[in-house]
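**Q** Just passing along the structure, written as structure tokens.
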Amino acid sequence: MFQKLVSSITLIFLFTVVALPQTGKEAKKEELSAEIKKEAVAFLRETAVEVSTLRTPENRISFNGEMASLMWFHDEKEARTMFQKVVTDFKQLLVELDSQMNVYNVEPVDGDEHITFLSPATTPKAKLMKKFSQAIGVRQQIALSLSEHDPVLAYAFFTETAQAISNPALRQQMENQYGHLEMRLITAIADKDPDKALEIARKSMANGVNHQHLELLKKVYEKDAEKGIAFGEEIIRKLKSDSAKSDTLYFLQAVLVMGVENPKQAKEKPGKKPIFSEQSLREAAEIAAQMILKQSELSEYSGQETLVLIERYLPARAAQIRQKFGIKDEEKQTPQTAKINQPGDFMAAAKEKEKQEDLMKDLQNLGDKKLSAEERAKVINQSRKVIAAFDDPMVKITALAGLATQVVKMGDKETALEIMKEAEGLVNLQPKNYLDYLQNWMLAAAYTEVEAKKAFPILEDSIFRLNDTLSAFVKVAEFIDVNSEIIEDGEVQVGSFGGEMTRGLLRELGATNATLRGLAKSDFTKTKNLANKFDRTEVRILAKMLILRAVLGNQADQENDASKFIISQKEHEEFEQ
């Protein structure tokens, strides 16, 4: 829990993103010069030297893995050499820990007593178990960094390092805890070699079906429908053989939901067969029905939702279930099942939210329209009236920023700056809480599109103020973190968060790339200097890596990453709930 808290706060404080309207066509126009990319490579090498000054081996290895990943965009041969050193350093760390744990006869149970960060790990066994957990987090980081470029090599690293643990109980614990990572790597392999991914997945499915198998199924089906359909049949057969397992019902429900949704998607591609046949879905529904009938009571949500799906394929079985559990017709549909039967009603938004979404759609295409000066002024004035009616200041700032970025693309910079001035009036330029920092970032992101030089002072001042907040946060973390799981030797253990913290910042928050590329294009020296204004070394390195990925990374991939995080207002509210 505490690791998630640290990760979340750092994400919010460092580079909270806003998805401003930007068409794909316009994104492709933003090409950085060869000179800027050359400067970025030099900046990468400078940052690599700074990484070597970090105090803990976990952080050094983790960050060096990401540095190698960034170098891959420029020089694959050099990047492979860098990765080899990272792998060698990690294996040495793992072997040393394994040797020490054997001396103290450490078993998984020894670490279980010290899971909570408030419980001191006073014994040598407990401390070693803590270090082991940190090392496994670094392993995940390296695997994820490698998988971006060579997922087969990443999978080989993942499996080989598991075998490096001589204690069978610890090795088994590691494999159980990180099965999800194995499937993520297999899914990455599927992008380049579906046959290889399926070969590995079939072996992993011996331990049971999991969510990642279903995600892999979708990916393989997209690339090769026949192979996807065959794999789907294998999944259903495996679920049938695992009907005694408690989580099988959940995966059967997921299969049935896919069975409802997939035919609609398949219709868009003439000649493409659905992922599951009607016979297979009836078979899955039968297995689910038998499992429910063996239960003593029906779950209020998941059970009834599955019942609605069963009824779609096997009405008689559904009636039998309703009779056993005394479910009346009016109780058949819950808010959860309503989205299956009545997706339109379930997804309907309130008028205010519809207005916001309609406006943002209009803004997204506004920059492409050929309008006269009179028509443009009319559209802009109408948009400003709609925005002024919004109650939420965050919505107003987002909408004004989006409007300004589109207006400047229409060639009216003067009006765009007026709109930005209005947005600026809604922002606290002396941020104190995370919402203030978010609004400042939004403002700076929009200024990058309108007039980049105005973005730099906003970000510089935010970072100056943020340094005190981060320092205070680390002090509190040190006070709470008696086991030094989060802060060790005065350094935030970024590399120990299982790779998710670093990868979340440097890969998955791709929506920051458009802004950082814009800043780099405007003034790369000033952009580098922004990162240097962070006081803490590990935070400063994270900021530098974020800039490097924006400049050196594959732009098409960055746009795909950003699209994953553009969510609707409704999705945002569901997340908050």
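**Q** Leaving out ligands, DNA and RNA but keeping every protein chain, what accessible area does residue 91 have, in Å² rounded to the nearest 10, with a 1.4 Å probe?
**A** In the full protein context, residue 91 sits at about 80 Å².
**Q** While we're here: Calculate the spin-label point distance for residue 468 paired with residue 206, positioning each point 7 Å from the Cα along the beta-carbon direction, and give it in nanometres.
**A** Placing both labels 7 Å beyond Cα along the Cβ direction yields 6.0 nm.
**Q** Hey, another quick one. Any idea what diffusion coefficient segment 99-244 gets from Stokes-Einstein, in µm²/s, Kirkwood Rh on alpha carbon pairs, 25 °C, 0.890 mPa s?
**A** 145
**Q** Please list 485, 160 in order of solvent-accessible area, largest first, computed with a 1.4 Å probe with all protein chains present. Write down the numbers at each step before the final one.
**A** Details: 485 40, 160 100 Å².
Sorted descending by solvent-accessible area, the residues read 160, 485.
**Q** Let me ask you something else. Taking one equal scatterer on every alpha-carbon of segment 365-466, how large is log10 of I(q)/I(0) by Debye at q = 0.16, 0.24 1/Å?
**A** -0.66, -1.25
**Q** Taking the full set of protein chains and a 1.4 angstrom probe, give the accessible area of residue 297 in square angstrom, rounded to the nearest 10.
**A** 140
**Q** Considering only DSSP states other than H, G, I, E and B, which GluC sites (Glu not before Pro) in segment 200-269 qualify as loop sites with at most 11 other Cβ atoms within 10 Å?
**A** Hits after loop and neighbour filter: 268.
**Q** Same structure again: Take residue 244 and residue 92, extend 7 Å from each Cα along the Cα→Cβ direction, and tell me the distance between the two endpoints in nm.
**A** Placing both labels 7 Å beyond Cα along the Cβ direction yields 4.9 nm.
**Q** What figure in square angstrom, to the nearest 10, would you give for the accessible area of residue 55 with a 1.4 Å probe?
**A** For residue 55, solvent-accessible area is about 130 Å².
**Q** Given H placed on each backbone N at 1.01 Å, which residues far from residue 487 in sequence or on other chains put an amide H within less than 5 Å of it?
**A** Excluding prolines and chain starts, which carry no amide H, the hits are 493.
**Q** Taking the Cα centre of each part, how many Å lie between segment 440-486 and segment 393-411?
**A** 23
**Q** Something else: Any idea how far apart residue 233 and residue 299 come out in nm if each label point goes 7 Å out from Cα toward Cβ?
**A** 2.9
The values are calculated or read from the model by the stated rules, or taken from the named source; none is laboratory data. Just so it is clear, the structure is predicted and the values come from calculations on it, not from any experiment. Please note: Cβ atoms are built from the backbone with ideal geometry, for glycine as well, and neighbour counts cover all protein chains shown. The accessibility values were calculated without ligands, DNA or RNA, using every heavy atom of the protein model including side chains. Shrake-Rupley method; radii C 1.70, N 1.55, O 1.52, S 1.80 Å.
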